[in-house]
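To start, the structure under review is shown below, and the notes come after it.
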Amino acid sequence: MHPVKKDVRALTKEQLRQFFESQGEKAFRGNQVYEWLWIKSAHSFDVMTNLSKEVRAMLEAHFVINHIKVDQMQRSSDGTIKNAVRLHDDLVVESVLIPTSKRTTACVSSQVGCSLDCKFCATARLKRMRNLNPDEIYDQVVAIDNESRLYFDRPLSNIVFMGMGEPLMNYNNVLKAVAKITSKEGLRMSPRRITISTSGVPKMIKKLADDQVKFKLAVSLHSAIDEVRTSIMPFNENFPLSDLREALEYWYQKTKSRITYEYVVWKGINDQLKDVKALINFCKFAPSKVNLIEYNPIDDGDFKQADEEAIDMYVRFLEQNGIVVTVRRSRGKDIDAACGQLANKS
Ligand code: SF4
């Protein structure tokens, strides 16, 4: 029986150097392979032409190169690009490129499916199959950076972890991916251009604060009333708003970094004055920004975008209370742009 070959991309540069030494080769070969894998995005050992045929065969005998493949790409009339990304084990996740006049943002996935059960989300229907490993997350960013250069003639400017999965449930791999994205051997991106968007896992928000991360934090809140939030995000039963609020206060004390809240206003669910008041009350303890996001429906179910009057009411009251608010129009409406829709089809 052949031993299972290891993914060469799981090795650090130092481990690659050690591997070559253990094979009686010069350690610097490890640097060369690292460069092929991470700077030149090599997908096979054959292309590593500064290595001899023998060395390439030796690598082939020990390792595989697991890489993602953009299986299907949809382009919206508003410029949004959505990728269905096939992983080495044939599972599929999604990543999206969202261009505006000032920036191009990558929205990336952190898990295949999701263990949380938000009622408005297409990904929730897939259930959690596995965590993405750091290089699968990194590869999504590289693929979108390439698309940004190809179609918009500029590099990627921002990243949000707002695709499939709950990033804080895959904490270590997400942080390793961010480390690579921000490193000088990776994409050299500033952590201030990266946002981790969580549904709100209190313990892990505190851990982020303790780990003194430099990226931004966004919370998908959608309601500041426990009863309402539990009905649309059932895990709120276990992580109630009081726990979330305490964790966010801890985050703010440690980082002094503004908190962004992602918030969809749905007709008949959270479109009343009491909902806005609860939101203001929840987030006024620290400098906050609320993104009111237009809903991209996933089916003909209960979730319908609220009327313009309700959005105007939110904007008015939030601004009166000194909270920064932006209204985000839904992008890619003519493609399957709601998170999880394309992967559900695949
Ligand atoms: S909204 Fe996010 S956390 Fe909730 S089920 Fe969907 S992917 Fe998971």
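At a glance:
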quantity: Residues being away from the ligand (no atom under 16 Å from the Cβ) and polar (S, T, N, Q) - total across region 256-278; calculated: 2
quantity: Region 308-333 residues that are within 30 Å of M73 (Cα to Cα), paired with ones that are in a helix (DSSP H, G or I) and of a type outside the set (S, T, N, Q) (beta carbon under 8 Å, 6 or more apart); calculated: V327/I311; V327/V315
quantity: Condition met for L273 (modelled with pLDDT of 95 or more and either within 24 Å of Y252 (Cα to Cα) or hydroxyl-bearing (S, T, Y) (or both)); calculated: no
quantity: Strands (runs of 3 or more DSSP E) contained in region 1-111 and holding at least 2 residues surrounded by fewer than 16 Cβ atoms within 10 Å (Cβ to Cβ); calculated: 69-75
quantity: In region 108-149, residue farthest from the ligand (Cβ to nearest atom) [restricted to those that are among the charged types (D, E, K, R) and without any contact (Cβ under 8 Å) to a residue 60 or more places away in the chain]; calculated: R149
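The values are calculated or read from the model by the stated rules, or taken from the named source; none is laboratory data. Small disclaimer: the values here were computed from a predicted structure and weren't measured. Every residue, glycine as well, gets a Cβ built from its backbone with ideal geometry; the counts of neighbours run over all protein chains shown.
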